[in-house]
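Chemist: Take a look at this one; I'll ask things after.
The values are calculated or read from the model by the stated rules, or taken from the named source; none is laboratory data. Quick caveat: nothing in here was measured; it's all calculated off a predicted structure. Counting neighbours? That spans all protein chains shown, and the Cβs are built from the backbone with ideal geometry, glycine included. Ligands, DNA and RNA are excluded from the accessible area calculation, which covers all protein heavy atoms including side chains. Shrake-Rupley method; radii C 1.70, N 1.55, O 1.52, S 1.80 Å.
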Amino acid sequence: MTIYTPGQSYTFQVIGIKEENDSKYIYLSDGIKDTYRVKPYDYQLEWEEFNIPNKMNCFVKEVNIWGLPYLVQDRKEVLQFCYADLKTEYPFKVVNIGLDSNTQAVYYELKDSFGLYHRYYPKNNEPKHEIGDIFNLVVNSIYDKGYNKVTLNLEYPVELIVTKENITQEISNDPRLESKFGYESATKEFKTSIVFPAGGIEPNIDRQLSYILKTIAGFQNAHGGELYLGVNDSGSISGINDDFKYLNSSETDTYTYSENIDGFELKIRNTVKQIMGGISNSHIDFQFNNENNKDFVLLKIKEVNRPVFVNGIKLFQRTGNMTQLLKGDEITYFIENRLQLRKSEIETIQIPDTFVDEVIPEIVDKKPEIKVTEEPLPTFYLPQFTEIFRNEKIWYYLTIYSTGEWSFQKHEALDEDVMIEIPIYNNCKKGRIVMVYHNGCVNTVVPYDLFYNKNNASKTSKKEGKRYSNGYNVSGIIKEFCCIPENYFLVFYSKDIKNNMEYTKIHKVADISAHVGLHAEGNVLINPRFNGELVDVKILPNFIEHLITGLTFTKNQTSTTLGVKNNDKDYRSAFQTLKVLIEKYSNFWSK
């Protein structure tokens, strides 16, 4: 048997979650022969076979006379998992207001969406809150005090306590003001897809639909709501068309769906009926719409006056802009409330077998078995850049010289004064030469038109290998120089130097006006009117378009916004996805 020391953390293998004596536990193995258990948090009660971790760290609080440890979860590991993105806003609910016995300072006892509790001491200049309020705090860091006492370093969002002038400026730069769908709220939520989980780049319809169903159940157990599918966090239409080809990719659903809007609705309805029942399904209306050749759908979700359980055991409810898992007394209160709503009806509430088992043990005496799968779900991979250009030949090399001149030729230039040189592939002849400058201006030029003078009155083609003047705009410093297809995307990272806020936005290259010459100043993409300063720019291919719609702006917004604040909680999943895409695809291009 392993010898455990109090005050130390150890790694265990996760067996699964099961119920014992009216309580649920995560069961663990030391990898040899002994098994242990530990209490789960709310978010862990939502684990399914596809997302149960293989290992978990636990802290030993004490060891009994037989050498058996009393375990609790390693709080640092838990907080690092739940709050992976620091300097980001997260929602918290006030469950109690207390007075510190040592300092006499007022504090809020908070509960987050993961089921964890925190203490926060508000400052005098911050808005006051009452029990039941939900508000956002910035998680700056995770502070380890030792002996498993780990806390969050919380801060009130600065834009909520600064001057009205700065608040007005911030609001005016919010792209959601232009959306006809408004903001997410207690009765409204946006999802871009039923296939691609938030923050991921690979399709997993089973996982994403589990999140969709959680939202539907949360609305039905509250006051109803609207769920938009094919609309991103900024309230822009992303479309559900890319979901169609994955409707039959489920590992559990053997039904064959047509790859269109009819199959899309049927897939959701079948999943709802299987997981939450026919009554839940009958309280959902689908309204399909099409705009700019993109399909999107509004699910009008009606309140159900009986509990709607997910998988027969999990009870979710929408509170503010959070969907929370109810447990313990919360379930009792909820059922009593639903009984009051149904007091005029004859039929009784149908409670799942698991809860009947808790109330009337003699009715059901067989507990569900824990299934632990060793086989990971299959994944789907997007193509690499190298696969895209593997069979593409280089048409010409475009060379910029330190003299300010430029040339194009079949081979790389060997001159000593070469400043920068890029290949132009055959599939980019009608693409765009992209020149991004330090001042936030972007010049794009069609290479075919440039070499053959298609926009020049003489129509005389330029000669290979000959140097020409006006190779770039000498008033700017080139930050990115490449030639890519016009349906590719540019990711712009910028900073509001006045308020020290960081922003991100994405534009399709085709939405940036093309110019005749390489020396043109180009279009203003990072506008100095908003105190904007370009930090960096990255390139992404067209086949990931459906994954980045939340941060992609139209051609009418090239100079009217810096983009989305990097710490905007509503775009957290969009930034997670973008981070993965940048790591996977942007390194192909070199300046």
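Chemist: Where the only charges are on Cβ atoms (+1 Lys, Arg; -1 Asp, Glu), what is the dipole of segment 465-559 about its Cα centre, to the nearest 20 debye? Can you show the working numbers first?
Modeler: Details: 10 positive and 9 negative charges, 42 e Å.
With Lys and Arg at +1 and Asp and Glu at -1, about 200 debye.
Chemist: At 1.4 Å probe size, with no ligands or nucleic acids counted, give the accessible surface of W406 in Å², nearest ten.
Modeler: Looks like 10 Å² after rounding.
Chemist: Additional query: Looking at this model, which pairs from K111/K245; K498/K555; K76/K214; K393/K479; K55/K314; K87/K267 are more than 32 angstrom apart at the alpha-carbon?
Modeler: Beyond 32 Å between Cα atoms: K111/K245; K87/K267.
Chemist: Between F81 and T187, what length comes free when the chain is fully extended (0.36 nm per residue of separation minus the Cα-Cα distance, one decimal in nm)?
Modeler: Values: separation 106, 0.36 × 106 = 38.16 nm, distance 2.79 nm.
Computed gain between F81 and T187 is 35.4 nm.
Chemist: Please report, in whole Å, how far the alpha carbons of segment 251-323 spread along each principal axis, starting with the longest.
Modeler: The Cα atoms of segment 251-323 stretch 38, 33, 20 Å along their principal axes.
Chemist: Counting Lys and Arg as +1 and Asp and Glu as -1, what is the net charge of the other residues whose Cβ lies under 13 Å from the Cβ of Y143?
Modeler: So the environment of Y143 carries a net charge of +3.
Chemist: Excluding L229 itself, calculate the net charge of residues whose Cβ lies under 15 Å from the Cβ of L229, where each Lys or Arg counts +1 and each Asp or Glu counts -1.
Modeler: Summing Lys and Arg as +1 and Asp and Glu as -1 gives -4.
Chemist: Could you tally the net charge around Y257, taking each other residue with its Cβ under 13 Å from the Cβ of Y257, Lys/Arg +1 and Asp/Glu -1?
Modeler: With Lys, Arg at +1 and Asp, Glu at -1, the neighbours total -2.
Chemist: Please work out the average accessible area per residue across segment 459-523, using the 1.4 Å probe convention, and give it in Å². Could you put the intermediate results ahead of the total?
Modeler: On the way: 2990 Å² over 65 residues.
Heavy-atom accessible area per residue stands at 46 Å².
Chemist: Right, another one. Accessible area of segment 429-577 with a 1.4 Å probe: how many percent of it is carbon plus sulfur? Don't skip to the end; give the middle numbers.
Modeler: Values: 2620 of 5920 Å².
With neighbouring chains kept in place, the figure for segment 429-577 is 44 percent.
Chemist: Return an integer: the convex hull volume of the alpha-carbon atoms of segment 401-473, in Å³ per residue.
Modeler: Here the figure is 104 Å³ per residue.
Chemist: If one computes the Cα centroid of segment 179-223 and of segment 82-109, what distance in Å separates the two points?
Modeler: When both Cα centres are located, 27 Å separates them.
Chemist: Another question, then. Taking Rh as the Kirkwood radius computed over C-alpha pairs, what is the Stokes-Einstein D of segment 503-591 at 20 °C in a medium of viscosity 1.002 mPa s, expressed in µm² per second?
Modeler: D, rounded to a whole number, is 150 µm²/s.
Chemist: Also, quick follow-up: I'd like the Karplus ³J(HN,Hα) series for segment 3-20: coefficients 6.51, -1.76, 1.60, θ = phi - 60°, whole numbers in Hz, and an x wherever there's a Gly or Pro.
Modeler: Values per residue, Gly and Pro as x: 8, 9, 10, x, x, 10, 9, 9, 9, 10, 7, 8, 8, x, 10, 8, 9, 8 Hz.
Chemist: Turning to a different aspect of this structure: Can you give the direction-averaged projected area of the convex hull of the alpha-carbon atoms in segment 21-124, in nm²?
Modeler: 10.3 nm²
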